[in-house]
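The values are calculated or read from the model by the stated rules, or taken from the named source; none is laboratory data. Since the structure is predicted, the reported quantities are computational estimates derived from the model, not experimental observations. We place every Cβ from the backbone using ideal geometry, glycine too, and count neighbours over all the protein chains shown. Heavy atoms of the whole protein, side chains included, go into the accessibility calculation; ligands, DNA and RNA do not. Shrake-Rupley method; radii C 1.70, N 1.55, O 1.52, S 1.80 Å.
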Amino acid sequence: MKKSITAMLAAGVMGMCAGAGAATPPAQSGNSQAVLLQGFHWHSANYSSPNWYNTLHANVADLKTMGFSHVWFPPPSDSAAAEGYLPRQLNVLSSRYGSSAELTNVVRAFTNNGIKAVADIVVNHRVGSTGWSDLTNPNWTTHAIVNNDECNCGLGNPDTGDGFSAARDIDHRNVGEVQNGIIGWLNHTLKPVGFSGIRFDYVKGFSPSYAGQYANAFGAEFCVGELWTDLNLNNIDAHRQQIMNWIDGTGSSCGAFDFTTKGLLNDALANGNYWRLRDASGKPQGALGWWPAMAVTFVDNHDTGPSESCGNGQNHWSVPCGSVMEGYAYVLSHPGIPTVYYPHIYNWNLKTPIAALMAARRTAGVHSTSPVAIQQATQGLYAAIISGNTRQLAMKIGPNSWSPAGSGWTLQTSGNNYAVWIK
């Protein structure tokens, strides 16, 4: 259990862990007021007139007004799958989302408005251009494919993580082709576009040390990995320990999506089990309770939840559609780096209430390592007071009533089963 990390954070020593010495991304070194936008959904690749990059471009000023600090883009490279998760030619940046020029235009529009661009990096696997194993642009031989890949064509080392059957698993021990090829792609293809952050896809497929190596070589200002593993609600600590171990394995160079908190919110919002959100020590139960600076929280994303409306998209592990704003009342009021999902703003017509929660977070000065004093965590109610840089924020979710004790509290925003106050 990483209680030592919690103690270090409490002492104000940010970013220290096993493997310390590598660079901790500035946005994740603690006391960060970053808020991440996931700037796409599962159907974004199917937009044609305008395409997705131009759709996103049209909303840059709006998203700046809402207060986002970072925007996560879909996989930018040529892919055998429209969504981008079966990369084919890494160095070709025209995709179903738009052309290379349109990608550059929208990234620069965001960066010119003070919003940093995060690229979705898929390096666990690749597909061939015409067959199973002809990996082109950059050109890699079958020595770049692990020798236990299901194609029986790999001449590389054994895989350093879980297999991925839809494509060829890449041998990250291969320095000449793979490591140098990925670092070259990051620095000479993606960096000139204007990307400064990284989101690593499917990180359970390869050793976290390589994610740390690539993030450091790129000089990532923000880095987050997708470690999505099975959650046993009767053994929460084991699940968040996996997340801690992965972050440690990157040498503190990358944070991770807080899938533990995601699963706890799913259960609380579906079944009223808000008590799950507090651990035995009185802290938030997810990864954000152990290492908030590195925990990237979210309500739903392109895989877990619906896209343009309830019931469509991937929808693999979603919160109840009617409880989305309750989820945001939690993640946007708590430490960690919260994520907002694009379709919730523009397709679900939740822009106004989400913007109000973001404004309350800014007004109170809540940041990634803000202290949390949980007031209630029972069936039907969770309430907490979070200390920001400038003021205190109180919040509640759940059908049961609650309001902060004492004078000086002002209600900032509220909705079905949630409310937020500031003092």
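Here r is the Cβ-Cβ distance between ALA270 and ALA82 and R0 is 35 Å; the resulting FRET efficiency, rounded to 0.05, is 0.70. Between THR65 and CYS153, the modelled label-to-label distance comes to 5.1 nm, taking each label 7 Å out from Cα in the direction of the beta carbon.
Estimated from helices alone, the mean residue ellipticity of the chain at 222 nm is -7000 deg cm²/dmol (sum of -39500 (n - 2.57) over DSSP H runs with n ≥ 4, per residue). In this rough spin-label picture, where each label sits 7 Å from Cα along the Cβ direction, the SER281-ARG391 distance is 3.1 nm.
For the listed peptides 341-350, 146-155, 255-264, a ranking on the average number of other beta carbons within 10 Å per residue, highest first, reads 255-264, 341-350, 146-155.
When CYS310, CYS321, CYS254 are compared by accessible surface with a 1.4 Å probe, the order from highest to lowest is CYS310, CYS321, CYS254. Among the protein heavy atoms, those of ARG168 account for about 10 Å² of accessible surface (1.4 Å probe, every chain in place).
Once the chain from SER209 to ALA58 is taken as fully extended at 0.36 nm per residue, the excess over their C-alpha distance is 50.6 nm. To the nearest 0.05, how large is the calculated FRET efficiency for ASN400 and ALA238 if R₀ is 35 Å and r is the Cβ-Cβ distance? About 0.70, to the nearest 0.05.
Please give me the summed charge of the neighbours of THR229: other residues whose Cβ is under 15 Å from its Cβ, Lys and Arg +1, Asp and Glu -1. Around THR229, the surrounding residues sum to -4. Computed with a 1.4 Å probe over protein heavy atoms only, the accessible area of HIS43 comes to about 50 Å². In plain terms, the chain from ASP162 to ASN349 could stretch by 63.5 nm, reckoned as 0.36 nm per residue minus the Cα-Cα distance. Among residues other than PRO158 with Cβ under 15 Å from its Cβ, the summed charge is -4 (Lys and Arg +1, Asp and Glu -1).
Take the Cβ-Cβ distance between CYS321 and ILE183 as r, set R0 to 30 Å, and report the resulting FRET efficiency rounded to the nearest 0.05. Result of the calculation: an efficiency of 0.10.
Here is the link list: LYS396/LYS423; LYS351/LYS396; LYS351/LYS423; LYS64/LYS116. Which ones come out longer than 18 Å on Cα distance? Exceeds cut-off: LYS351/LYS396; LYS351/LYS423. Quick one: net charge of ILE170's neighbours, Cβ under 11 Å, K/R +1, D/E -1? Summing Lys and Arg as +1 and Asp and Glu as -1 gives -2.
Ranked from largest to smallest solvent-accessible area, with a 1.4 Å probe on the protein heavy atoms, SER252, SER48, SER318 come out as SER48, SER318, SER252.
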